[in-house]
1. Find the residue count for segment 260-271, including only residues that are more than 8 Å from the ligand (Cβ to nearest atom) and either within 19 Å of the chain's Cα centre (by Cα) or crowded, with 19+ Cβ neighbours inside 10 Å (or both).
2. Just give me the residues in segment 69-93 being surrounded by fewer than 21 Cβ atoms within 10 Å (Cβ to Cβ), touching a strand residue (DSSP E or B) at 6+ places or on another chain (Cβ under 6 Å) and not in a loop (DSSP other than H, G, I, E, B), in sequence order.
3. Which residues, taken from segment 213-250, are touching a residue at least 60 places away in the same chain (Cβ under 8 Å) and not hydrophobic (A, V, I, L, M, F, W, C)?
4. Going by the structure shown, is residue 191 within 16 Å of the ligand (Cβ to nearest atom), modelled with pLDDT of 95 or more and assigned by TED's automatic domain parsing to the domain that holds residue 294?
5. Name the pairs whose Cβ atoms lie under 6 Å apart, with the first residue in segment 286-298 and more than 14 Å from residue 185 (Cα to Cα), the second surrounded by 17 or more Cβ atoms within 10 Å (Cβ to Cβ) and polar (S, T, N, Q), and 6 or more positions between them or separate chains?
Amino acid sequence: MRPRDYGNKLLARRRKPKPKAAKLAAKQAAPAGRPDRNSAKAGPGRNVPAQSASAPPAPPQASSAAKKTLDRILSKAGFGSRTEAAEWIRDGRVKVNGKPAKSIEMWVDPKRDKVTLDGAPVREGAKLYILLNKPKGYLTTYKDPEGRPTVYQLLKGVPGFVGTAGRLDMDTSGLLILTSDTAFADFITSPASHVPKTYLVKSSTRLTDEQLDLLRNGLTLDDGPTRPAAVTRLRDSEKYTHFEITITEGRNRQVRRMVEALGGKVLKLVRVKIGGLELAGLGMGAWRELSRAEVRGLLDTPSGEPRT
Ligand code: URA
C-alpha cells in the first residue's frame with residue numbers, strides 16, 4: 001500500500017492566509033522547524049519533550065529555509081516520535097553524513113545531508129492517514145508502562161509511523177484516525193475546528209427526555225459548560241437507554257462525564273463517525289488507509305453547532 005501525501009496541501013487550501021504582520025510576528029516568536037504544539041494532545045507524535053530554555057542554535061544563513069532540526073526530520077519521515085528520535089540520537093544510532101549526530105537540535109538540509117538511522121537512509125516520506133476500528137481494551141498510547149495492549153499492536157503492516165488524532169478511552173471502541181500528518185491531526189482534534197464526533201452510548205439508567213435535553217443543550221462539567229450536542233434516543237430497555245450523541249469538542253472522557261453529570265454511567269461507548277467518515281464495514285481491530293477524498297472530506301467538514 002502506497003502512503004499518500006495530501007493533507008498539508010488541502011489544509012493550505014482551507015486555511016485563510018494570515019496577514020503579513022501576524023505571519024512575521026509568529027515566525028519571530030517560534031524558531032523555524034519547531035511549531036508550537038500542544039504537547040498534551042494525544043499521540044506519540046506529539047510526545048514532544050519540553051523545550052530547553054535556550055533556543056536551538058540558529059541555522060546558517062545560506063539556504064536556512066531548507067534546513068530542519070534533526071528530530072523533526074526523523075519524525076516527519078515517519079520513523080518515530082520526536083521523543084524516540086532523541087533517544088536514538090543519544091544512543092548513537094543516527095548519523096549525519098557518516099558521523100554520529102550529537103543533538104536533536106542539529107540543523108540538517110534534507111536535500112543535501114545524508115541522514116541514516118541504524119544505517120538506513122531517512123527520507124521525508126509521504127503522509128499516511130489510517131482509519132482503525134479500535135477494540136475495547138486497547139490504549140491509545142504508544143507504549144504502556146504496565147504492559148497493557150495498545151492500538152499500535154494492531155497496526156502491523158502500516159508503512160510508517162503514525163500518531164493518533166485524538167484519543168479514545170481504553171473501554172471505548174470504534175473509529176480512530178492515526179496519521180503522520182501532524183497538521184491534519186491538529187485540525188481533527190483542535191477544539192477550534194469543531195469537527196463533529198458521533199458516539200453510540202448505553203447508559204446505566206433509563207434517561208428521561210429532560211435528561212436528553214440537558215445533554216443536547218449543554219451541561220456544566222468541572223472544566224466548563226459543554227457545547228450543544230445532537231442527541232437521538234435509539235431505544236430503551238427496562239433498565240438502560242441507548243442513544244446517539246454528536247459532540248463538537250473532544251474533551252477528556254467527555255461523553256462519560258456528561259452521562260455521569262446526569263447521575264448515570266456509560267456502560268458501552270462506540271465512536272461511529274468523525275465528520276462524514278464512518279467505519280462502514282471495517283472489522284473490529286482492522287485498519288485501512290483513508291482515500292484522498294476522505295481526507296479532503298474531513299478537512300472540509302463544516303464546523304459549528306450540530307443540528308439537533
Ligand atoms: N468521550 C468519552 O467519554 N470517552 C471517549 O473515549 C471518547 C469520548
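1. Initially, segment 260-271 is screened for residues more than 8 Å from the ligand (Cβ to nearest atom), giving 260-265, 267-268, 270.
The next check asks that each one be either within 19 Å of the chain's Cα centre (by Cα) or crowded, with 19+ Cβ neighbours inside 10 Å (or both); those that pass are 264, 270.
Matching residues across segment 260-271 total 2.
2. Passing the criteria: only 88.
3. Kept after step one, since they are touching a residue at least 60 places away in the same chain (Cβ under 8 Å), are these residues of segment 213-250: 216, 227-231, 246, 250.
Listed by number, the residues that qualify are 216, 227, 228, 246, 250.
4. Values: within 16 Å of the ligand (Cβ to nearest atom): yes; modelled with pLDDT of 95 or more: no; assigned by TED's automatic domain parsing to the domain that holds residue 294: yes.
So residue 191 fails the test.
5. Sorted first by the residue in segment 286-298, then by its partner, the pairs are 286/133.
So that you can scan it fast, the table gives a plain yes or no per residue for (1) crowded, with 22+ Cβ neighbours inside 10 Å; (2) closer than 30 Å to residue 293 by Cβ; (3) at pLDDT 95 or above:
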{"residue": "95", "(1), (2), (3)": "no, no, no"}
{"residue": "101", "(1), (2), (3)": "yes, no, no"}
{"residue": "125", "(1), (2), (3)": "no, yes, no"}
{"residue": "128", "(1), (2), (3)": "yes, yes, no"}
{"residue": "137", "(1), (2), (3)": "no, no, yes"}
{"residue": "142", "(1), (2), (3)": "no, yes, no"}
{"residue": "151", "(1), (2), (3)": "yes, yes, yes"}
{"residue": "162", "(1), (2), (3)": "yes, yes, no"}
{"residue": "170", "(1), (2), (3)": "no, no, yes"}
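The values are calculated or read from the model by the stated rules, or taken from the named source; none is laboratory data. Please read all numbers here as calculations on a predicted model, not as lab measurements. Neighbour counts are summed over all protein chains in view; Cβ atoms, including those assigned to glycine, are modelled from backbone coordinates with ideal geometry.
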